[in-house]
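Quick note: the coordinates plus some simple rules give every number you see, no bench work behind them. In this text the structure is predicted, and so the values were computed from the model without any measurement. Cβ coordinates were reconstructed from backbone atoms using ideal geometry, including for glycine residues, and neighbour counts include every protein chain displayed.
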């Protein structure tokens, strides 16, 4: 059901206002079934037009990826590659990669896979056929 893709894992400047993932895609984790979302993925999940850089608080408005816990993006800071962007409930900041936080694995599904049931929770996980 899962397909291999190239995941963008390159650096991004905190003030980068380009709404594309060109900078992140300069470095790829090639041909992998699983990966983490990058900074651009988080930014475009917000439907607030004021979300222009990963540091903008407006990126949290109307963003279904915001959770009540801290979780990692795959994007390192361009200032120090040992610092990776962390999404907290109220901000995104770069933290040392050794910081304790959740990861949210992502996958690409084969185009013949169809959603069957579930809510994506532990009690009612998604079921695909």
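The calculated FRET efficiency for the pair residue 14 and residue 129, based on their C-beta separation and a Förster distance of 25 Å, comes to about 0.05. Here 104, 83 are placed in order of increasing Cβ neighbour count within 10 Å, fewest first, which gives 104, 83. With the simple spin-label model, which puts each label point 7 Å out from Cα in the Cβ direction, the residue 105 to residue 69 separation comes to 1.5 nm. Each DSSP beta bridge with both residues in the chain is either parallel or antiparallel, and the antiparallel ones are about 90%. Semi-axes of the equivalent ellipsoid of region 1-99 are 20, 15, 14 Å, computed as sqrt(5λ) over the eigenvalues of the C-alpha gyration tensor in descending order.
Rounded to the nearest 500, what is the 222 nm mean residue ellipticity of the chain from helices alone, with -39500 (n - 2.57) per DSSP H run of 4+ residues and division by all residues? Intermediate results must be reported in sequence, preceding the final value.
Numbers: 1 runs with 6 residues, N = 129.
When only DSSP H runs of four or more count, the value is -1000 deg cm²/dmol.
Cα centroids of region 88-129 and region 1-18: 16 Å apart. By other beta-carbon atoms within 10 Å, ranking 54, 47, 112 with the fewest at the front produces 112, 47, 54.
What ranking of 42, 60 emerges when the number of other C-beta atoms within 10 Å of each C-beta is taken as an exposure proxy, fewest first?
Numbers: 42 22, 60 19.
In increasing order of surrounding Cβ atoms, one gets 60, 42.
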